[in-house]
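The block underneath contains the structure these notes are about, expressed in C-alpha cells.
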Amino acid sequence: MKKLRSFEFISVISVTVLVVAFLVLAGCTGQTDRGAVSENSATNNEGGATMKKTLVVYYSATGSTQDVAKEIASRADADLFEVVPNPNYTADDLNYNNPDSRVSKEHDDASLRECLLEQTTPDNFENYDTVYIGYPIWWGIAAWPLDAFIKGNDFTGKTIIPFCTSSSSGLGESAKNLQAMNNTGTWLEGKRFQSGVSGVEIDEWIDSLQL
C-alpha cells in the first residue's frame, strides 16, 4: 500500500509539472502573438499618418471662386476651408464703382487692407501636404482678405497651388506676390479660371500638376 501511494504521489507531481510547463509555454506564445499584432498595428498607424491629404483654401467675394474651389475639392478628393473676413464684406462694401465703398478705400490706402479672419488656421492644418489657394482678382492682385491667411500660417513641407477667378484679368503677379508674403513651402505656378469652368478643364489641370 505504501509503495502504491508513493507511486500515485509521484504521478500527481509529474502531471502537475507537465500542466505548469504547458501553461507557461502557452502564455509565452500568447505574448508573442500580441506583440506581433501591436507591431502591425503601429505600422498601419504610421502608414495612415503618412497618407497625403489635400486642402482647398479659398476666399470668395461673390461666389465665383467658391464654385471653382468646390469643383477642385470634389475632383481632387480634398477638404475645403473658406477664408472669412471679420467683419465680412457686404454688397455695398464690394461696389468698386463707388469711391467711398470699403473696397475702394482699401484699394486707395493699403494700410486699410489688413483685416481679422473668423479663423486663420484650418483645423489639423499640419496634416495637409497639398494646399490649393483660391481668390478673385482685385485691381490686378489677389483679393487682400486672403493676405491674413497667407501671413498667418506656416507652409513648410507643403505644396502650394494658387488659382484665381476673373472675368478678364489674368493671374498676373498675384501668386508671386502671395509667395513673397510667406516664402515657406513649395509654390507651384498658378492657374486662372473663368466662372463656369468645366470639370474637364479642372481635371486636365489637376492631372498636369503631377502631384
Going through region 167-211 one residue at a time, which ones are small (Gly, Ala, Ser) and open to solvent by less than 20 Å² (accessible area, probe 1.4 Å)?
Ser174, Ala175, Gly190, Gly199
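For Thr120, indicate whether it is within 21 Å of Ala61 (Cβ to Cβ), open to solvent by 10 Å² or more (accessible area, probe 1.4 Å) and polar (S, T, N, Q).
Yes, satisfied.
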Counting only residues that are open to solvent by 90 Å² or more (accessible area, probe 1.4 Å), within 20 Å of Tyr128 (Cβ to Cβ) and modelled with pLDDT of 95 or more, region 30-73 contains a total of 1
Residues of region 127-150 that turn out to be of a type outside the set (A, V, I, L, M, F, W, C) and within 17 Å of Asp108 (Cβ to Cβ), as a count
3
Would it be correct to say that Thr130 is in contact with a Ser or Thr (Cβ under 6 Å, 6 or more places away or on another chain), under 25 Å from Lys52 (Cβ atoms) and among the hydroxyl-bearing types (Ser, Thr, Tyr)?
yes
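The values are calculated or read from the model by the stated rules, or taken from the named source; none is laboratory data. Bear in mind the structure is a predicted one, so any value in this text is a computation, not a measurement. In this analysis, Cβ positions are derived from the backbone assuming ideal geometry, glycine residues included, and neighbour counts consider all displayed protein chains. For the accessible areas, the whole protein counts, side chains as well, though only heavy atoms, and no ligand, DNA or RNA atoms are used. Shrake-Rupley method; radii C 1.70, N 1.55, O 1.52, S 1.80 Å.
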